[in-house]
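Engineer: My structure is below; once you've seen it, I'll send some questions.
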Amino acid sequence: MADKNTKKQLPGILRFLTKLLQIILYIPIQIIFIPFAIIGLIDGLYKEMRKSKKLGVSFSAGQALQYRWIMHYFNTRPDPLSVAFTKKFPCESHFGLWSTLGALIISQRLFGFTTKLGKLVEPGEETLESTAGIRLLKFDKIMEKYVDEVDQIVIPGVGFDLIALPFTKGKEVKVFELDQVQTINIKIETLKKTGLQHDWINYIPVDYSNESWVDNLLRAGFDKTKKTLFLWESVSLFLEDDTVKESLRQMADLCVAGSIIAQDFYSKSFVLGETSKTVKKTSRMIGKMGEPWKFGIDMSNDPKAAVESFLKECGLKATEIYQFGEKLDIEPFYCIVEAEKL
Ligand SMILES: C[S@@+](CC[C@H](N)C(=O)[O-])C[C@H]1O[C@@H](n2cnc3c(N)ncnc32)[C@H](O)[C@@H]1O
């Protein structure tokens, strides 16, 4: 009996001792990093918050780029292009990220010390913390699934997402990326500084307050008779209800049979900051940076039915709904949806 218990406990004890050893090794590395981290943090905060405001660049788009950097260095999603871009991007500090996260990155690489940043959760077990990463992997999968089936790809609210570069390089497919004027201009400038080839992408700046993104898209050569993939990732959250509906109706109008609109939605309670204290804090901070969260779908009862009914109002039919955290006993907070014209 005693033997059995010892056997049962051994892996647990071993795990504990391994973790302890990893923490003991990690602490001196972290101490060495502290002075750099202080300078890096100041540099990072200045660039992300002050400089982005000064240049009129989307803060939230910069944060999404930052997560791509993190995933690259923690080995959960290789993205050398986003890393190269970050190095030249005026609203983010590559040094700042390295100096604040470097001790963890080195400890993971040298002796397997993993934190939440270096782990991926199982499908259906996504939590609020793991959403930023799994979201990127899911949209990669969608791109991979359709890139060879469609003639055009449109990415409205593209920010500093570089997904189109590796997936469409050397392919026949036409790519259109749209965003606010300053965000697109800084993106092109940074790509030039980085030396990353991007000449097959059509960048379309839009002044959403007095221009129609559809007119700009058509002027740039979008063909309404061709099969299209729309990637609308993490944009609806920042728009008014009416604008979300109007934008989706416009996308539906631009779609021929076989076209797909891939997008994501947050729950109403997430948008209102009711899901957790961290969400509330993040929401306040993003709001202060000029991009308050606005649109969410009431997912409290039947999230899939709520999403389907919302899309129906926009002239769309959901073909795939991937609900985050579906296997967990938590309130639904986020989903990724593929839809087609009704
Ligand atoms: C969170 S970022 C997402 C960027 C990108 N899709 C990604 O996943 O990295 C939201 C983006 O929506 C853009 N945006 C803001 N207002 C918009 C509007 N009215 N229409 C379209 N895009 C808008 C912002 O400029 C920003 O780039």
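Every read-out reported here was derived from the displayed coordinates using simple, explicitly stated rules and does not represent laboratory data. Every value quoted in this text rests on a predicted model; they were computed, and no experiment measured them. Please note: Cβ atoms are built from the backbone with ideal geometry, for glycine as well, and neighbour counts cover all protein chains shown.
Engineer: Would you mind working out the magnitude of the charge dipole of the chain relative to its Cα centre, with +1 at each Lys and Arg C-beta and -1 at each Asp and Glu C-beta, to the nearest 20 Debye? Please list the in-between numbers first.
Structural biologist: Working: 45 positive and 43 negative charges, 302 e Å.
Here the chain has a charge dipole of around 1460 debye.
Engineer: Further question on the same structure: Peptides 187-198, 160-171: what's the order by average Cβ count within 10 Å, highest mean first? All intermediate terms of the calculation are to be shown ahead of the outcome.
Structural biologist: On the way: 187-198: 15.9, 160-171: 17.5.
Top of the packing list down: 160-171, 187-198.
Engineer: Also: Rg over Rh of region 179-264, using C-alpha atoms and the Kirkwood radius, what does it come to?
Structural biologist: Numbers: Rg = 14.1 Å, Rh = 14.4 Å.
Result for region 179-264 is an Rg/Rh of 0.98.
Engineer: Choose one answer from Phe36, Phe85, Phe265: the residue with the largest mean-square fluctuation in a GNM of the chain with alpha-carbon springs under 10 Å.
Structural biologist: Taking springs between Cα atoms under 10 Å, the residue moving most is Phe36.
Engineer: Would you pull out the residues with amide H under 5 Å of Glu320's amide H, same chain only if 5 or more places away, H placed 1.01 Å from N?
Structural biologist: Glu338
Engineer: A further question follows. What is the helix-to-structure angle for 94-111, meaning the angle in degrees between its Cα long axis and the longest Cα principal axis of the chain, kept from 0 to 90 and rounded to the nearest 10?
Structural biologist: Approximately 50 degrees, to the nearest ten.
Engineer: Another question about this same structure. Using each residue's phi in region 264-279, evaluate 6.51 cos²θ - 1.76 cosθ + 1.60 at θ = phi - 60° and report the 3J(HN,Hα) Karplus result to the nearest Hz, with x for Gly and Pro.
Structural biologist: Calculated HN-Hα couplings, in order: 10, 9, 9, 7, 4, 5, 5, 4, 7, x, 8, 6, 6, 5, 4, 4 Hz.
Engineer: At a Förster radius of 41 Å, what calculated FRET efficiency corresponds to the Cβ-Cβ distance of Glu340 and Phe95, to the nearest 0.05? Please list the in-between numbers first.
Structural biologist: Details: r = 45 Å, r/R0 = 1.09.
So, using R0 = 41 Å, E works out to roughly 0.35.
Engineer: May I pose another question? Cα centroids of region 140-210 and region 42-92: how far apart, whole angstrom?
Structural biologist: 17
Engineer: Where in region 314-339 does the label zone of Leu120 land, with the point 7 angstrom along Cα→C-beta and an amide N cut-off under 16 Å?
Structural biologist: 325
Engineer: Something else: Is it possible to state the helix-based mean residue ellipticity at 222 nm for the chain, with each DSSP H run of 4+ residues giving -39500 (n - 2.57), the sum divided by total residues, to the nearest 500 deg cm²/dmol? What is it? Before the final figure, lay out each step's value.
Structural biologist: Numbers: 13 runs with 175 residues, N = 342.
Helix contribution divided over all residues of the chain: -16500 deg cm²/dmol.
Engineer: Using the alpha-carbon atoms, what tilt in degrees (0 to 90, nearest 10) does helix 181-194 show relative to the longest principal axis of the chain?
Structural biologist: The helix 181-194 is inclined about 60 degrees to the chain.
Engineer: Let me ask you something else. Roughly speaking, what is the stretch gain from Met285 to Gln30, that is 0.36 nm per residue apart minus the C-alpha to C-alpha distance, in nm to one decimal? Provide the component values of the computation, followed by the final result.
Structural biologist: Values: separation 255, 0.36 × 255 = 91.80 nm, distance 2.72 nm.
Stretched out fully, the Met285 to Gln30 stretch lengthens by 89.1 nm.
Engineer: Take region 11-89, compute every pairwise Cα distance, and split them into 5 Å bins from 0; I just need the percent in each bin.
Structural biologist: 3, 12, 14, 17, 18, 14, 9, 7, 4, 2, 0
Engineer: Rg over Rh of the chain, using C-alpha atoms and the Kirkwood radius, what does it come to?
Structural biologist: Details: Rg = 21.7 Å, Rh = 21.7 Å.
Result for the chain is an Rg/Rh of 1.00.
Engineer: Using Cα atoms only, what is the angle between the long axis of helix 303-313 and the major principal axis of the chain, expressed in degrees (0 to 90) to the nearest 10?
Structural biologist: So the inclination is approximately 20 degrees.
Engineer: Would you mind calculating the relative contact order of the chain from Cα pairs under 8 angstrom and at least 6 residues apart, reporting the percent as a whole number?
Structural biologist: Working: 519 pairs, mean separation 52.2, N = 342.
Relative contact order for the chain comes out at 15 percent.
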